[in-house]
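Peer 1: Starting off with a structure, shown below.
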Amino acid sequence: MVPLEGHYLEEKPYDNQTREPALPYAVVTVGAAAVDLVVQVDTFPGADQLVLAREVHREPGGSTANIAVRLAQLGERVAFAGLVGGDAAGQYLKQAFASEGVATELITTVTDGNTASAVVMVNPAGQRAILSLGGTALYSETARVPAGVWESKLLYIGEAYLPLVRQLVTGACSRDQQVFYGPGGIFVREGWSALADASRGIKGLFLNWEECMLLLGQEAKVPSQLPALAEWLALVIKEAGWWQGALEEIVVTLGARGCIRLAPDDLSWQPAMPARLVDTTGAGDAFTAGYLAAYLKGWPVETRLKFATACASLAIEGQGARWGRLTPAAVAARLQPEGSMAGA
């Protein structure tokens, strides 16, 4: 488990390879945290339709915040950097981070701000619909970002305004940090040209299938199953000229179909693992955390994909974005029938 906030520098951890003082964090995540009002419904409402809630409860959420928590559960030293309001909801989110071992000293409290929130509706099939209610969540410039974001081996950028992404990537690259980026559904609407310009210098990009298709502007019929789908996507991305700058890998999640990992001269895919579907909320976040944790361990691509897919399969078996504990032991147990961790 990761030490709680304020303990990193006191413990003076050392890098196992160089035996020099290690950085305070293995990963810093920059993005949004929010309070989710999770509503269980029989069906999603249509226009002018009233739907009764079967169950309502509050949970800590936000995609990048969820990734930070899952990384901590997987044993990584991780800090979250973002904004919360100076209200009870902001304190609730900080306490939730600390209880999971995520360092909170990089969180900025905006005294007169209102903490971000969202309504997450979940139907009996485990599908979700999300309504963001806005609030204080995202940094607008690096001048407000704590200097501690540079004190890690890996920087993960989630929800962020594109000018800030550009500043963060530039700063990270000048410090030899490895940068991974998951823009999310709102910011992919800016288009590939704007996204690529802002993120030039990143090592890896995370997208889900819908985000990838939006960026590619694809409307044609595409193969529905792996591996044909992976081969088609590799060709389309190459033709679109995405392989520029330092970008080395693109990981695309496909939901129930699995995932694809693309590199300029390499292609890998992993089918989804059987799971008891309850709620898909946070599945992509668990996948991303699993992939980053496996990457930090230096595992080969195929093992990273299996590990991350196992994380996602565990995450959908309960309600909420942070259901259960995504421990290495739990993931290993899920993978045991696969025989996939040999040599990891």
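Peer 1: Would you kindly identify the strands (runs of 3 or more DSSP E) lying entirely within region 241-309 that contain at least 3 residues that are touching an Asp or Glu at 6+ places or on another chain (Cβ under 7 Å), without any contact (Cβ under 8 Å) to a residue 60 or more places away in the chain and more than 23 Å from residue 325 (Cα to Cα)? Give the steps one after another, and end with the answer.
Peer 2: Numbers: elements: 249-253, 259-263, 266-270.
Once the strands (runs of 3 or more DSSP E) in region 241-309 are filtered for at least 3 residues that are touching an Asp or Glu at 6+ places or on another chain (Cβ under 7 Å), without any contact (Cβ under 8 Å) to a residue 60 or more places away in the chain and more than 23 Å from residue 325 (Cα to Cα), what remains is 259-263.
Peer 1: Right, another one. Within region 326-344, which residues are at pLDDT below 85 and out of contact with any Ser or Thr (no Cβ under 6 Å at 6 or more places or on another chain)?
Peer 2: Filtering region 326-344 down to residues at pLDDT below 85 leaves 337-344.
Across region 326-344, the qualifying residues are 337, 338, 339, 340, 341, 342, 343.
Peer 1: Then there's this: Take region 214-242 and flag every residue that is closer than 20 Å to residue 189 by Cα and of a type in the set (A, V, I, L, M, F, W, C).
Peer 2: Of everything in region 214-242, those that are closer than 20 Å to residue 189 by Cα and of a type in the set (A, V, I, L, M, F, W, C) turn out to be 214, 215, 216, 220, 233, 236, 237, 240, 242.
Peer 1: Would you confirm, using the coordinates I've provided, whether residue 160 is assigned to a helix (DSSP H, G or I) and among the aliphatic types (A, V, I, L, M)?
Peer 2: The answer is no for residue 160.
Peer 1: Look through 222, 188 and report the one residue that is under 20 Å from residue 241 (Cα atoms) and surrounded by fewer than 17 Cβ atoms within 10 Å (Cβ to Cβ).
Peer 2: Numbers: 188 fails: surrounded by fewer than 17 Cβ atoms within 10 Å (Cβ to Cβ).
Exactly one of 222, 188 is under 20 Å from residue 241 (Cα atoms) and surrounded by fewer than 17 Cβ atoms within 10 Å (Cβ to Cβ), namely 222.
Peer 1: Residue 274: surrounded by fewer than 15 Cβ atoms within 10 Å (Cβ to Cβ) and touching a Ser or Thr at 6+ places or on another chain (Cβ under 9 Å), yes or no? Can you show your working first?
Peer 2: Details: surrounded by fewer than 15 Cβ atoms within 10 Å (Cβ to Cβ): yes; touching a Ser or Thr at 6+ places or on another chain (Cβ under 9 Å): yes.
Yes.
Peer 1: Here is a follow-up. If you go through region 275-315 one residue at a time, how many are more than 17 Å from the chain's Cα centre (by Cα) and among the polar types (S, T, N, Q)?
Peer 2: Selection size over region 275-315: 1.
Peer 1: Taking residue 149 as the residue in question, decide whether it is assigned to a helix (DSSP H, G or I) and either at pLDDT 95 or above or farther than 29 Å from residue 276 by Cα (or both). Break it down stepwise before answering.
Peer 2: Values: assigned to a helix (DSSP H, G or I): yes; either at pLDDT 95 or above or farther than 29 Å from residue 276 by Cα (or both): yes.
Criteria met by residue 149.
Let's see how each residue does on (1) at pLDDT 95 or above; (2) within 18 Å of residue 325 (Cα to Cα); (3) crowded, with 19+ Cβ neighbours inside 10 Å; (4) in contact with a Pro (Cβ under 7 Å, 6 or more places away or on another chain):
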residue	(1), (2), (3), (4)
13	no, no, no, no
16	no, no, no, no
29	yes, no, yes, no
46	no, no, no, no
81	yes, no, yes, yes
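Peer 1: Would you pick out the residues in region 227-259 that are of a type in the set (Val, Ile, Thr) and closer than 19 Å to residue 315 by Cβ? Before the answer, list the steps.
Peer 2: Of all residues in region 227-259, those of a type in the set (Val, Ile, Thr) come to 236-237, 250-253.
Those that are of a type in the set (Val, Ile, Thr) and closer than 19 Å to residue 315 by Cβ: 251, 252, 253.
Peer 1: Still on this structure: Mind counting the residues in region 86-141 that are buried (at least 20 other Cβ atoms within 10 Å of the Cβ), β-branched (Val, Ile, Thr) and in a strand (DSSP E or B)?
Peer 2: Number of matching residues: 4.
Peer 1: Would you check which residues across region 137-154 are of a type outside the set (Asp, Glu) and either in contact with a helix residue (DSSP H, G or I) (Cβ under 8 Å, 6 or more places away or on another chain) or without any contact (Cβ under 8 Å) to a residue 12 or more places away in the chain (or both) and list them? If you could, list the steps in order and put the result at the bottom.
Peer 2: Step one: of region 137-154, the residues of a type outside the set (Asp, Glu) are 137-140, 142-150, 152-154.
Within region 137-154, 138, 139, 140, 142, 143, 145, 147, 149, 150, 153, 154 meet the criteria.
Peer 1: Go through 192, 209 for me and flag whichever is touching a residue at least 40 places away in the same chain (Cβ under 8 Å) and more than 29 Å from residue 316 (Cα to Cα). Walk me through it before giving the result.
Peer 2: On the way: 209 fails: more than 29 Å from residue 316 (Cα to Cα).
Unique residue meeting the criteria: 192.
Peer 1: Whether any residue in region 210-225 is part of a strand (DSSP E or B) and in contact with a strand residue (DSSP E or B) (Cβ under 6 Å, 6 or more places away or on another chain) is what I want to check. Don't jump to the end; show me each part of the working.
Peer 2: At the first step, the residues of region 210-225 found to be part of a strand (DSSP E or B) are none.
Within region 210-225, none of the residues are part of a strand (DSSP E or B) and in contact with a strand residue (DSSP E or B) (Cβ under 6 Å, 6 or more places away or on another chain).
Peer 1: So which residues in region 68-79 are closer than 14 Å to residue 34 by Cβ and either surrounded by fewer than 24 Cβ atoms within 10 Å (Cβ to Cβ) or in contact with a strand residue (DSSP E or B) (Cβ under 6 Å, 6 or more places away or on another chain) (or both)? Lay out the reasoning, then the answer.
Peer 2: Step one: filter region 68-79 for residues closer than 14 Å to residue 34 by Cβ, giving 68-69.
Hit for region 68-79 is 68, nothing else.
Peer 1: Still on this model: Those residues that are over 21 Å from the mean Cα position of the chain (by Cα) and under 30 Å from residue 332 (Cβ atoms), I need them from region 21-56; list them, please. Write out each step before concluding.
Peer 2: Step one: list which residues in region 21-56 are over 21 Å from the mean Cα position of the chain (by Cα), which gives 21-23, 39-56.
If the condition is that a residue be over 21 Å from the mean Cα position of the chain (by Cα) and under 30 Å from residue 332 (Cβ atoms), then 22, 23 are the ones that fit.
Peer 1: Now, a different point. Based on what the data block shows, is residue 235 in a helix (DSSP H, G or I) and surrounded by fewer than 20 Cβ atoms within 10 Å (Cβ to Cβ)?
Peer 2: On the way: in a helix (DSSP H, G or I): yes; surrounded by fewer than 20 Cβ atoms within 10 Å (Cβ to Cβ): yes.
Against the criterion (in a helix (DSSP H, G or I) and surrounded by fewer than 20 Cβ atoms within 10 Å (Cβ to Cβ)), residue 235 qualifies.
The values are calculated or read from the model by the stated rules, or taken from the named source; none is laboratory data. Model, not experiment: these values are computed from the prediction. Positions of Cβ are generated from backbone atoms using ideal geometry, with glycine treated the same way; all protein chains shown enter the neighbour counts.
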